[in-house]
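These notes are about the structure you will find just below.
The values are calculated or read from the model by the stated rules, or taken from the named source; none is laboratory data. What you see is a predicted model; the values in this text were computed from it and never measured. All Cβ positions, glycine included, derive from the backbone under ideal geometry; neighbour counts span all protein chains shown.
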């Protein structure tokens, strides 16, 4: 009976530690959240997450240490010979984890988030002298984002998706003869040029006829 009780205590303590960790796993986020006219990239609140992690880690460590103690008692009660120092193994694993976390935090500290810009997009039919279809505004778009991403945002706001898919971007005031269609792999900061107050405007041309004009 003593061996059984010791084993049950060890198992219960280990399960409690594992369940405590499992209950704090973050939910997966939707990669397309915030894709709209008020588009705002997700903010990475590292400081808040780090504080919460530190608060909970201490509790987990205590639970695992108690598990090691219970397992040691269990082995002793069951007269199981074990030459492994489980507490030392736990310490070694913990040190490896801490080193990995330190490396990741160091890399994150070096990573600088790109500045964001507010982009106004005026949508016209066929050319810049055509009928104005929509006036859109997207806030907090990364300045290093590509026009392909901006086109996705624009298309999500246009009823005729087919016309949006064959549409293209131009700079404001582009010539009707040479409207200078902008490539989709162009970064926003290059497409708009110098920002004034972190704001800029682009033209998006759609073709309601379903046939793109020759440019």
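A few points about this structure:
Okay, residues lined up against (1) in the same structural domain as residue 67 (by TED's automatic domain parsing); (2) not in a loop (DSSP other than H, G, I, E, B):
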| position | (1), (2) |
| --- | --- |
| 95 | yes, yes |
| 103 | yes, yes |
| 122 | no, yes |
| 130 | no, no |
| 200 | no, yes |
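- Filtered residues of the range 105-116 (kept if out of contact with any strand residue (DSSP E or B) (no Cβ under 6 Å at 6 or more places or on another chain) and either in a helix (DSSP H, G or I) or under 22 Å from residue 186 (Cβ atoms) (or both)): 105, 106, 107, 108, 109, 110, 112, 113, 115
- Members of the range 159-176 that are surrounded by 15 or more Cβ atoms within 10 Å (Cβ to Cβ) and not in a helix (DSSP H, G or I): 167, 168, 169, 170, 171, 174
- Test for residue 132: is it under 20 Å from the mean Cα position of the chain (by Cα) and exposed (fewer than 13 other Cβ atoms within 10 Å of the Cβ): no
- Among all positions in the range 86-97, there is no residue which is modelled with pLDDT under 90, surrounded by 15 or more Cβ atoms within 10 Å (Cβ to Cβ) and within 16 Å of residue 207 (Cα to Cα).
- Scanning the range 132-158 for residues that are in a helix (DSSP H, G or I), over 10 Å from residue 204 (Cβ atoms) and free of Cβ contacts under 8 Å to residues at least 24 places away in the same chain turns up just one, 149.
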